[in-house]
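Shown next, in structure tokens, is the structure this report addresses.
The values are calculated or read from the model by the stated rules, or taken from the named source; none is laboratory data. Values in this document were obtained by computation on a predicted structure and should not be read as measured data. Virtual Cβ from ideal backbone geometry, glycine too; neighbours counted across all protein chains shown. These accessible areas exclude ligands, DNA and RNA; they are computed on the full protein's heavy atoms, side chains included. Shrake-Rupley method; radii C 1.70, N 1.55, O 1.52, S 1.80 Å.
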Amino acid sequence: MKLRKAAIALAMSGMMAFSLGAMTGCADNSEEVIRESLTEEIGQLKDPDAATLGELSSSLPTSSLLQLGLTPNDLIKGILDGFDGTVDSVTVNGNEAEAVVTLSSKNFSEVQSALENLQSDMVDNAEELAGMSQDEIKQWAGQMIMTTIEEAPVETHEPVTIKYVRNGNTWEPAEGADSEMYSALFG
């Protein structure tokens with residue numbers, strides 16, 4: 001089960017790193033630049049194209065997922081299904097800025113709990129699984145993982161404040177911004 005948890009964590013950390021890119025803007029339109037950039041990043045996660053899926057899935061253990069009958073892109077699509085977000089406000093104060101963002105995503109606490117229950121179910125149903133080959137068991141586990149992710153409820157999280165600092169003419173997420181996003185999504 002560690003692989004399943006790691007795959008979800010890797011996918012989500014990739015999503016957060018992807019969504020917190022640097023942006024360029026001059027002083028008089030910094031708020032607009034930050035707002036538009038975040039809105040665009042949210043849109044790319046809400047409706048990912050092939051390039052976005054490739055970037056997000058690049059850190060996943062492809063060969064292990066394929067043994068489970070899963071593709072990295074399908075896993076990412078399942079995780080992102082229902083993802084949405086809004087930029088509630090952007091405040092610029094000199095070389096620092098804060099954007100308040102409200103995100104909606106799968107309830108990953110429930111996904112993790114369901115995957116832990118799946119592991120217990122496998123132990124409890126050892127007789128049923130005993131008649132299956134290793135490949136069949138892996139395929140069954142992969143299908144159960146996808147079903148768990150696909151059926152996870154989407155929830156709207158508490159707003160998160162993402163801090164930015166200006167480096168020359170470029171706004172960059174402040175240190176710890178990815179931790180704020182992670183906390184917002186995973187609690």
Query raised in the report: Within the range 178-185, can one find any residue that is over 26 Å from residue 42 (Cβ atoms), out of contact with any Ser or Thr (no Cβ under 7 Å at 6 or more places or on another chain) and open to solvent by 60 Å² or more (accessible area, probe 1.4 Å)?
Result: no
Requested in this report: Looking for whichever is of a type in the set (A, V, I, L, M) and within 24 Å of the chain's Cα centre (by Cα) here; the options are 122, 132, 181. Which one fits?
Outcome: 181
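Where in the range 29-136 are there helices (runs of 4 or more DSSP H), lying fully within it, with 2 or more residues that are open to solvent by 20 Å² or more (accessible area, probe 1.4 Å) and in contact (Cβ under 8 Å) with a residue 40 or more places away in the chain?
Output list reads 30-46, 62-67, 108-124.
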Query raised in the report: Can you tell me which residues in the range 140-187 are touching a Lys or Arg at 6+ places or on another chain (Cβ under 8 Å), under 28 Å from residue 72 (Cβ atoms) and assigned to a loop (DSSP other than H, G, I, E, B)?
Result: 152, 153, 176
Requested in this report: Identify all residues within the range 138-187 that are over 19 Å from residue 35 (Cα atoms) and among the polar types (S, T, N, Q); write none if there are none.
Outcome: 139, 143, 147, 148, 156, 179, 183
Report summary line: Within the range 135-177, the residues that are polar (S, T, N, Q) and modelled with pLDDT under 90 are 167, 169, 170
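So that you can scan it fast, the table gives a plain yes or no per residue for (1) small (Gly, Ala, Ser); (2) closer than 27 Å to residue 70 by Cα:
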site: 107; (1), (2): no, yes
site: 111; (1), (2): no, yes
site: 114; (1), (2): yes, yes
site: 127; (1), (2): no, yes
site: 132; (1), (2): no, yes
site: 147; (1), (2): no, yes
site: 160; (1), (2): no, no
site: 163; (1), (2): no, no
site: 168; (1), (2): yes, no
Query raised in the report: Of the residues that sit in the range 140-166 and are open to solvent by 70 Å² or more (accessible area, probe 1.4 Å), in contact (Cβ under 8 Å) with a residue 12 or more places away in the chain and out of contact with any Ser or Thr (no Cβ under 9 Å at 6 or more places or on another chain), which one is farthest from residue 106 (Cα to Cα)?
Result: 163
